[in-house]
Amino acid sequence: MKPQRLDKFVSTQGALTRSAATSQIRRGNVTVNGKICRDPSAKLDPETDVVTLGGNPLTFAEHLYLMLNKPAGILCVSRDPNAETVLDLVPQNLRRAGMFPAGRLDKDTTGLVILTDDGDFGHRLTSPKHLVEKVYYARVDAPVFDGVIKAFEKGTHLPDGTPCAPAKLRVVEDGAEPLCEVTVTEGKYHQIKRMFGTHDLGVNALHRHSIGALVLPDDLAEGEVRVLSEDEKNAVFSEKSPENADLL
Ligand code: URA
């Protein structure tokens, strides 16, 4: 693997800002292969050299995977010169070069977003070939009749002719403005709003609840970001089932 500077390795693998990593190195809190190294620019092989920080080994992980509970009003892109983006919500110590949201939400949509610097993971998650189910809750502006549920099941054609794969629609709260659970395997532009729109239904609020078997945890407040555990990362590509219910 390409050699890496010690300060970069300690900051990315130790979840520290670059300046905090540098100060840990200068203070003698970092060892490389058993010896204290006070040179932040020292080069190492991330895969074979053994680095410790404060006595604890730093295990090398090439990529980082985060989950965010996206609030409304934030753009789901990597950067925008004029508006706040989901990347702005990531604490400095968890930022990585090339990090991006794997699957976009609209500015006004809330809920689960995965951020990573792993392009293959992002591609796998967003590719319709892999059929990863995403569950949304949509508050719509008029009653939903059975015909809409059947049309979603068959696969909607959007007004511009774009075909959508079959989707599950379940009314979970009836009334003048019902709450609907929608499960889709794709992520076309404004897909859910446009699918309801073909039936003259407007979406007043939209929230992404889960991706695969990974459900947005109750204790992740709006705007908060945290690192995905290995199990959570794997849950993204597994189906929801009673066996993995403890991950939900
Ligand atoms: N469908 C939409 O219409 N908007 C989103 O943000 C996600 C899915």
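Coordinate-derived values only; no laboratory data. Small disclaimer: the values here were computed from a predicted structure and weren't measured. Cβ: placed from backbone, ideal geometry, glycine included. Neighbour counts: every protein chain shown.
Below is a table of values for the structure above.
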item: Distance in nm between pseudo-label sites at Lys150 and Arg5 (7 Å out along the Cβ direction from Cα); result: 6.5
item: Those trypsin sites (Lys or Arg not before Pro) in the range 1-30 that DSSP places in a loop and that have at most 14 other beta carbons within 10 Å; result: Arg27
item: Residues Asp146, Asp231 arranged by fewest to most Cβ contacts within 10 Å; result: Asp146, Asp231
item: Neighbour-limited loop hits for GluC sites (Glu not before Pro), the range 161-231 (at most 13 other Cβ within 10 Å; DSSP other than H, G, I, E, B); result: Glu222
item: Computed E for Thr17/Thr162 - FRET, C-beta separation, R0 25 angstrom, nearest 0.05; result: 0.05
item: Relative contact order for the chain, counting Cα pairs under 8 Å that sit 6 or more residues apart, in percent; result: 18
item: Cα→Cβ-extended label distance, 7 Å offset, between Arg226 and Glu133, nm; result: 2.5
item: Estimated FRET transfer efficiency when R0 is 22 angstrom, pair Thr198-Val172 (beta carbons, to 0.05); result: 0.55
item: Taking the range 20-99 and dividing mean pair separation by its residue count, relative contact order in percent (alpha carbons under 8 Å, at least six apart); result: 17
item: Long-range amide H partners of Asp141 with built H, under 5 Å; result: Gly202, Asn204
item: Length released on extending from Tyr189 to His63, taking residue separation times 0.36 nm less the Cα-Cα span; result: 42.6 nm
item: Cα gyration tensor, the range 1-50 - rounded (a/c under 1.5), prolate or oblate; result: oblate
item: Entries of Lys43/Lys70; Lys70/Lys129; Lys43/Lys107; Lys168/Lys233; Lys107/Lys154 with Cα pairs more than 31 Å apart; result: Lys43/Lys70; Lys43/Lys107
item: Inter-probe distance in nm under a simple model that places probes 7 Å from Cα toward Cβ, at Arg104 and Arg38; result: 5.0
item: Estimated vicinal HN-Hα couplings, Hz - the range 170-182 in sequence order (Karplus 6.51, -1.76, 1.60; Gly, Pro = x); result: 9, 7, 9, 8, 6, x, 5, 10, x, 9, 10, 9, 10
item: The chain: most fluctuating residue of Ala97, Ala165, Ala138 per GNM, C-alpha cutoff 10 Å; result: Ala97
item: Longest to shortest principal axis, alpha-carbon extents of the range 110-206, angstrom; result: 43, 28, 19
item: Reciprocal of mean inverse Cα separation for the chain (Kirkwood radius, Å); result: 20.1
